[in-house]
Structures are given as structure tokens and as C-alpha cells.
1. What fraction, in whole percent, of alpha-carbon pairs in the stretch 5-117 exceed 16 Å separation?
2. So, R0 is 35 Å and r is the distance between the beta-carbons of residue 304 and residue 186; what FRET efficiency does that work out to, to 0.05?
3. Viscosity 0.692 mPa s, temperature 37 °C: Stokes-Einstein D of the stretch 281-391 from its Kirkwood Cα radius, in µm² per second?
4. In nanometres, what is the gap between the two model label sites at residue 204 and residue 254, each 7 Å from Cα along Cα-to-Cβ?
5. How far, in nm, would the chain grow between residue 293 and residue 384 when pulled straight, counting 0.36 nm per residue and subtracting the alpha carbon separation?
6. What are the extents of the Cα atoms of the stretch 229-299 along their three principal axes, in Å, largest first?
7. Given springs between every Cα pair under 10 Å in a Gaussian network model of the chain, which of 303, 177, 248 has the largest fluctuation?
8. Using alpha carbons only, how many degrees (0 to 90, rounded to 10) separate the axis of helix 3-15 from the longest principal axis of the chain?
Ligand code: GLA
């Protein structure tokens, strides 16, 4: 049975049969190849959308009710479009689509009732942007169904970031929403988060594959130190601004970081941000020149910086990365996303892949007692509408 047929069956089982057509959509997750914690500091990032993601099925209703259901969570929500929606802790994952609905309504989109079913293979809370995927998926489904046919994908990414910042309360940057809205198959994107200028770079890895390694240690972005790191970056910026009028921390020089920031913690945080931004620029130049193994070297340097200066890694991620780097054929590895658990990525020679996964799994289990999962990172397109419109 095709994935569409299977999901349609589950949809009908949950919401009942009707003559109305059911449309299907898909939003990918993302990995960030390099450029961590540079997005909200006005710097560069280098993410790619991946083929793991979330499907969304939608069928119009004749009333003003939106029913949501998640196959994975086994829960949902019933939303009355006449009411103002607010974020409530007990509403769990449904706060994400709720936020999008509210912000689209505020923006003037005339939404009508519909039944919406989500089902995905993207591990949640694993650093692959399951929340941004859910936000973008909801926005894209509702805008293409009830709005004009052409969706402005950049504006959609900005709206979803706003939902996450203001409605959910996570002070994240634009990287995840942008990558999921704008991804291109076989390409990573060099995104300047200050101007939103972006360029697609073919991901030619010269007989190497990108492997996602899941620590299976969940992280909760809101509960984590994410917002604290953001504040530390803002404090470092405020100090440097007393000496030179810069807009973002990524515009500081290393001499300013080392010379002006007396507090060791702020100096370390800023050192990571400024050096990481340069690593993105260098990494893209190396990839363009076909220097895959030097690119891998920068991935390792990025991990070290996140580990010691930005302090967002952790035992599980470090153990995965160290074991990965011990396997012959692995030329680079680093945590991806916000850290504090979640996923790491590795660049591995194709011939060594099986041995790599076996060895890293064993080593990781011996130290942490946890089982790691491995997925090939197949670089995919951004959010899209699937092929079924059947009654
Ligand atoms: C999370 C956030 C992003 C970015 C990364 C770290 O994924 O959502 O905006 O800050 O962490 O690079």
C-alpha cells in the first residue's frame, strides 16, 4: 500500500468518511551542516531539508471548526475559529498549529473549518526541527487551501518563527523555518540570517554520505538552556556595542571578543559565535572546491567549539561524535541543531557505512547504556503538496 493510501485510510478511520476530497502535504525536517547558534546572531548557517518529515492530510468542513489529530501522539484538539487561541501548557503539541492558525487569522486569512491529520517519521525533540516542520506544514496547508495559490515561502518562514518566538515562547532564530520552507533536493543552503539572502550549494560529498545519529536523549527546547544562551549573546553584543556600533554579534571581530569581553563566560560564548560564522564561510568555499575532507575538519572544529565554548553539547552527543571519529572512513562529525541531546551528524565514506554504524552503536551503548539510531540524511525539497486529491 502506498504511503498516501495508508494515511488516507487512517484519516478516514479517525474523522469518518465524506465526499469532500482529502489533500496531502509533506514538510521535511532539517539538518544543519555547520553554523550553529549563528542564526539569531545575524550570521550564516548551512542547513538542508531531509527526507524524514511530517505528512499532513486536510479535508474541508462546512462549519467553523478545525479538528486536529496526530497519529504519532495519539491526541488532538478541536478549535473554534470564532475564538481567540492562546498557548496553554496542557495543550502540548497542538499549541504549534494553534499558534499558526491564530497568526494567519490575525494576518487576515479567511480560514474555514477543516479536519487535519498529522503523521510523521521525524523523531520529535531530536534536534531535527520537528516543531518547525509542524509549524510550516500547518501554515502551508492552510494558506494553499484557503488563501491565494502562490505562497510566499519566505514570509511563511518569518510568520512561523514569530509563532515560535511569541506564541510558544522559544527565542529561536529563522534557520529551521527557512530550511523547511525553502529546501532544495540535493542542495544545502547558505543562508545569511541577517538579510535572508540565500544560495543553494550542490551537496557533492565525493563518495561520502551524511549520516544522522540520534542519541535518543530527548531535549526540550523551551526547558533547555537555549534562551539563556541567547541572553548571553545579547549581553556580549551590548558590551561590544559600547565600543563599536555593530548590529549583530556575528559582526564582531575576534580581537573585539578577546579584548573587550572580560567575563569568561561571555567571552567563550562570543568566541564560538564569531568563529563559527567564519567556519560556515570557509566550509562552503571548501565544498565548492571539492575539498570534502577539509570540510569534515571544520565540522569537527565546530563541534569542539560548541562543546567547550558554547557548552551546549553533553555526554551523549560527545560520546557519539568521539566514537564516530574513531571509525576509519569518518571524516567529520558534529552535533546538529540546538544540542543538549538530540542528533549529531557524520560524514562517512560510503564503503565504511555498515561498519561505522555497527561500531558507533556498540561504543555508544557501552558508555551511555542507550541505543543510538542512524538514518541516512537524504537531502529533500522544502514543504510541498502531495499527489492525492481523492474523494
Ligand atoms: C535551534 C533553533 C535555531 C538555531 C539552532 C542552533 O534549532 O531553532 O534557530 O538557533 O537551534 O543553531
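FYI, it's all coordinate maths here, none of it is from the lab. Keep in mind that what you see is a predicted model, and the values were worked out from it rather than measured. Cβ: placed from backbone, ideal geometry, glycine included. Neighbour counts: every protein chain shown.
1. Summing the P(r) tail past 16 Å for the stretch 5-117 gives 68 percent.
2. 0.75
3. 213 µm²/s
4. The answer from the label model is 3.0 nm.
5. Separation in residues times 0.36 nm, less the Cα-Cα distance, equals 29.4 nm.
6. Extents along the principal axes: 41, 22, 20 Å.
7. Its mean-square fluctuation being the largest, the pick is 248.
8. Compared with the principal axis, the helix lies near 60 degrees.
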